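Structure first, then comments.
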Amino acid sequence: MARAANKAMLGAFVVGALALLAAAVLLFGSGRFMKDRPQLVLYFKGSVRGLNIGAPVVFRGVPIGSVSEIRLIHNTDTLEFFIPVFIAFEPERILNMKDGGVVERQGDYRVLQQLIDRGLRARLALQSFVTGQLMIEVDFEPGSPLVLRGDGKTPELPTLPSPMEELTRTLQNLPIENIMAQLNEAVAGLNRIVNSPVVADTASSLNDTLKDVRQLVASVNGQVGPVGQSLAGAAQRYGALADKLDRQLPDALAQTTQTLKSLAAASTRAEAALSAAHSTIRDDSRTMTEVQQALREMGAAARSLRTLAEYLERHPEALLRGKGDYR
């Protein structure tokens, strides 16, 4: 019969193999486990569901560390809960631009503080849409609020709420009940308007109006052709008239110019005649003096004739006898 296997020896062999495997990884691997990683802490107030230990920490898509520990703390004074997330920073992934060497670790974290002052912040980001796993994304957010919640024992990197968390807060702050009530009122009012008899009458009137418009359009379409032909004929006639005017206009302008010159000369002669007449009929002119004297003499003769006529009317026999003694 075969000897039974010694369980203790088998267990020792398995444990020894695992120990040798771990030693080989530490000795011949990348050696990352032997390095002293700088630790940073991030405080989140909301849920970190989907964030696991070992989740990557990326800066603009470049991994610069990983999540090493996740805790939950309670503030007994304010009765608030916070979730501190510790990350192991990998400085060898960042090279110096001057000499291309690895950025040296600063024991006092002065460089980190300068970056924080310039707006370096961390927030949760979705790592996979399928699994819903999260990662930590680090980037500069100038002007963002600086909120520190730690005790200062471990260097802290300020955090910002994720876009999904901000959207959730915004939706929670919306007055959903008031919005739904107003929406219901709007729908009810629209229903009353649509089903009102005024709308039905308006629709019927609109149909009649559309029919009239169609008839009008048909009539206009029937008349557009003749009107267009008439317009075309008129345009041709006006074109011929314009051509005729273009040919006759220079001669007409020349004749008009000559006529204006003749009118100017006649005006000059008329002005001279008026000047002469004015000088003739002035009150102090010789002609006017003679005319006035003749008028006076004619007036005296007229008075004498009137006196003679009155005398003869009283003494008609004077035509035969003469005046005699009749005075």
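Taken together, the values in this text are just the output of simple stated rules run on the coordinates, not laboratory data. Source: prediction; values computed, not measured. Positions of Cβ are backbone-derived with ideal geometry, glycine not excepted, and every protein chain shown enters the neighbour counts.
In table form, for the structure just shown:
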| quantity | calculated |
| --- | --- |
| Packing-based exposure ordering (other Cβ within 10 Å, fewest first) of Thr170, Thr159, Thr76 | Thr76, Thr170, Thr159 |
| Full-extension gain in nm, Asn221 to Leu21, via 0.36 nm per residue minus C-alpha separation | 62.4 nm |
| FRET E, pair Val130, Ser204, Förster distance 51 Å, beta-carbon r, rounded to 0.05 | 0.30 |
| Arg214-Asp243 FRET efficiency (beta carbon distance; Förster radius 51 Å; 0.05 resolution) | 0.70 |
| Difference of contour (0.36 nm per residue) and Cα-Cα distance, Arg269 to Val187 | 20.2 nm |
| Reference-scaled alpha-carbon Rg (2.2 N^0.38 Å with N residues) for region 159-200 | 2.00 |
| Fewest-first sequence of Glu166, Glu90 by Cβ atoms within 10 Å of each Cβ | Glu166, Glu90 |
